[in-house]
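The values are calculated or read from the model by the stated rules, or taken from the named source; none is laboratory data. Computed from a prediction, not measured in an experiment: that's the story for all the values here. Positions of Cβ are generated from backbone atoms using ideal geometry, with glycine treated the same way; all protein chains shown enter the neighbour counts. Each accessible area value is taken on the protein alone, full model and side chains, heavy atoms only, with ligands, DNA and RNA left out. Shrake-Rupley method; radii C 1.70, N 1.55, O 1.52, S 1.80 Å.
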Amino acid sequence: MGSIACIAWKGDTLVLGDVDGNLNFWDLKARLSRAVPTHRGWVKKIRFAPGKGNQKLLVMYTDGAEVWDTKEVQMVSSIRVGRNVNYRILDIDWCTSDKVVLASDDGCVRVLEMAMKSASYRMDEQDLTDPVWCPYLLLPRAALTLKAFLLLQPWSDTYTMDISQVDYIEKDEIKGLIQEQLNSLSNDIKSVLQDPSLNLLQRCILVSRLFGDESDLQFWTVASHYIQSFTQSCQPSGSAPEGQTPAESPQSTPFSHLDICHDTLCESSFFQRFQLERVRLQEVKRSSYEHTKKCADQLLLLGQTDRAVQLLLETSADNSSYYCDSLKACLVTTITSSGPSQSTIKLVATNMIANGKLAEGVQLLCLIDKAADACRYLQTYGEWNRAAWLAKVRLNPAESSDVLKRWAEHLCSPQVNQKSKAILVLLSLGCFHKVGEMLHSMRYFDRAALFIEACLKYGVMETNDDINKLIGAAFVDYAKLLRSMGLKQGAVLWASRAGEAGKELLDELSQTEGTVLEPSPSEEEVDNSLGNKD
């Protein structure tokens, strides 16, 4: 056999696959082995079927997959790209004891019988006992309409769950399918959606959850937190400095923090506390020198020098790093942030970074309170996430804001093109005008309009000529999107809110026949609104 690529073991049977496409079956009880060349190249993955006594084996290759019977050492079925399928398999596993599941590069998950024949079926042909909430079973145009209908109903003071009560220009069959989806919602969800106290931000989060749109949910979760957070800072009772959230301002009232799963998007004070707790937990669990060294390095970056020195002095005399750790402990203890020592240490740190010792140089800069310089070096060498982490735990709000803004600019660059992530960073900095511009330029028309509407309601976006221009453009484009869905009533209201920019569209809407269906939204607009692309 060649180099072993994967191993699977069940009962008395052990199977090995190598990079040359060979399968080796071992009977551990009888101490016998049998090698079978498949001539299919690299064996990527092998999995035994679940169930006692079930010795079927699923094998994944670069060009497809096979099912083997390990008792008889015979192939049961096979699937090959270019021969009986036109998609590439990315991953495999067992769904049940006699069905396999394949993930493919066309975005599908397929459940197949043991014979590797298609087992797909149409959902709309099944006799389901209970209605199923799944808006993606609708046509894209209808799914967009359903989402817009649940998000905002500005034409009425009360929310309704009856699509027939809305001026909706569409075929009766499509209306019926949308109403079926609305009826399939639980009574609890319906009561929440119809609750007049549910604000726009809460509604956007709930609808994102209902549609299973992770990108939309993350955006509205972060946006909701920081819009309300910065609203608190605008109140006369106390304001936070620029770049600092109200939760970090000593004069503000307590405010719930963003969940730590959002990592560097959280407030600096909360993020720093969590990192300290995390290091303390790692300290308790440490069992080797390498683990202890990582804890000491992390404590130095967090500014916890006393505890770091204690860990450095724990290095045993027979360890090869004993001398270096002892010298480092002495340096940390005697270091001063002014005088000739600072310039010397900065020179040493710069030389270390230039010679490939980035982590060590950054650590020295942090010891002399030059964390801002350390962040710049990290960003220069492409360590953008580490720079953001260090900025959150060591820098004041103004310096941290500068680091994060540079990070956002980097994420927006053509080489990286992660604008969705940049938007989240800008949200955490309170750059709401910039966020609105980016959403609109990315053609997220519904998200841009609703976000600007929320900012205006909470008073976190001051109106000026540039913002008025953005408001007009965003509201007009969202009105056009609603018109393409058939929601003429909503289109009229959003166009009227756009001011001068919406007059032309209002004239068009007033001249449009009420029975004419508008052109369907473009594929890009559908993908953006339904979260089909990032």
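Tabulated values for the structure
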| item | result |
| --- | --- |
| Normalised contact order of the range 72-198, rounded percent, pairs of Cα under 8 Å and 6 or more residues apart | 16 |
| With DNA, RNA and ligands ignored, accessible area of residue 182 (1.4 Å probe; Å², nearest 10) | 0 |
| 13 Å beta-carbon shell around residue 163, net charge (K/R +1, D/E -1) | -3 |
| Violating pairs (Cα-Cα greater than 26 angstrom) within the set 52/99; 175/480; 171/503; 419/480; 190/457 | 171/503 |
| Residue order for 318, 20, 297 - accessible surface, 1.4 angstrom probe, largest first | 318, 20, 297 |
| Theoretical gain in end-to-end length, residue 331 to residue 19 [0.36 nm per residue, Cα-Cα removed] | 107.2 nm |
| Accessible-area composition of the chain, carbon plus sulfur, in percent [1.4 Å probe] | 50 |
| Compactness index (Cα Rg / 2.2 N^0.38 Å), the chain | 1.25 |
| Distance between modelled label sites at residue 351 and residue 507, nm, 7 Å Cα→Cβ extension | 7.4 |
| Cut-off 12 Å between beta-carbons: net charge of the residues surrounding residue 493, Lys and Arg +1, Asp and Glu -1 | +1 |
| Percentage relative contact order, the chain, counting C-alpha pairs under 8 Å, at least six apart | 10 |
| Residue-normalised accessible area of the range 283-358, expressed per residue, 1.4 Å probe, Å² | 61 |
| Helix-only [θ]222 nm of the chain, DSSP H runs n ≥ 4, -39500 (n - 2.57) each, per residue, nearest 500 | -15000 deg cm²/dmol |
| Per-peptide average of other Cβ atoms within 10 Å, ordering 131-138, 373-380 highest first | 373-380, 131-138 |
| Relative intensity, log₁₀ I(q)/I(0), of the range 1-144 from a Debye sum that treats every alpha carbon as a point, q = 0.09, 0.12, 0.16, 0.18 Å⁻¹ | -0.35, -0.56, -0.86, -1.02 |
| Residue 77 long-range amide H proximity, modeled H, under 5 Å | 67 |
